[in-house]
Amino acid sequence: DFDLLEILFSNFLFNAIDAIELDDEDDGSVQLDYKYEDNIHKFFVYDSGVAIENKKELFEAFKSTKVKGNGLGLVLSAQIAEAHGGYVELLEGDKKGFGIYIA
């Protein structure tokens, strides 16, 4: 479903941009990567913005650290990924971001 996948990816892009805008640095970057392995489409969205503070509540409805956030973007995105045979995960390592996996 193209419309639902558009919502999923736009949520992650807007979140990445929001994280950059909250950072004190003048420059920021968003990086998108894609791989197809083992019959799974793997999308990666990385950003150079502020770190995620509420990792335990990340996919809980109505929990948001944003002033204008409602806490539904990541929840809805995770449900869309699941409806397409996939899942979403927080990536913690050298790069900060999310992995989006669609079967």
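The values are calculated or read from the model by the stated rules, or taken from the named source; none is laboratory data. These figures come from a predicted structure and were not determined experimentally. So basically every Cβ, Gly included, is an ideal-geometry build from the backbone, and we count neighbours across all protein chains shown. Heavy atoms of the whole protein, side chains included, go into the accessibility calculation; ligands, DNA and RNA do not. Shrake-Rupley method; radii C 1.70, N 1.55, O 1.52, S 1.80 Å.
With respect to Asp23, is the statement that it is more than 19 Å from Ala103 (Cα to Cα) and at pLDDT 80 or above true? Here the answer is yes, as Asp23 does meet what is asked.
This table checks each residue for (1) touching a residue at least 40 places away in the same chain (Cβ under 8 Å); (2) more than 13 Å from the chain's Cα centre (by Cα); (3) open to solvent by 50 Å² or more (accessible area, probe 1.4 Å).
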{"position": "Glu6", "(1), (2), (3)": "no, no, yes"}
{"position": "Ser10", "(1), (2), (3)": "no, no, no"}
{"position": "Val30", "(1), (2), (3)": "no, no, yes"}
{"position": "Glu37", "(1), (2), (3)": "no, yes, yes"}
{"position": "Ile40", "(1), (2), (3)": "yes, yes, yes"}
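Does Gly71 count as modelled with pLDDT under 90, at positive phi and surrounded by 14 or more Cβ atoms within 10 Å (Cβ to Cβ)? Spelling it out, Gly71 is indeed modelled with pLDDT under 90, at positive phi and surrounded by 14 or more Cβ atoms within 10 Å (Cβ to Cβ). Criterion applied to Ser48, Ser64 was being more than 17 Å from Phe9 (Cα to Cα), among the hydroxyl-bearing types (Ser, Thr, Tyr), crowded, with 16+ Cβ neighbours inside 10 Å and at pLDDT below 90, and the one residue passing it is Ser64.
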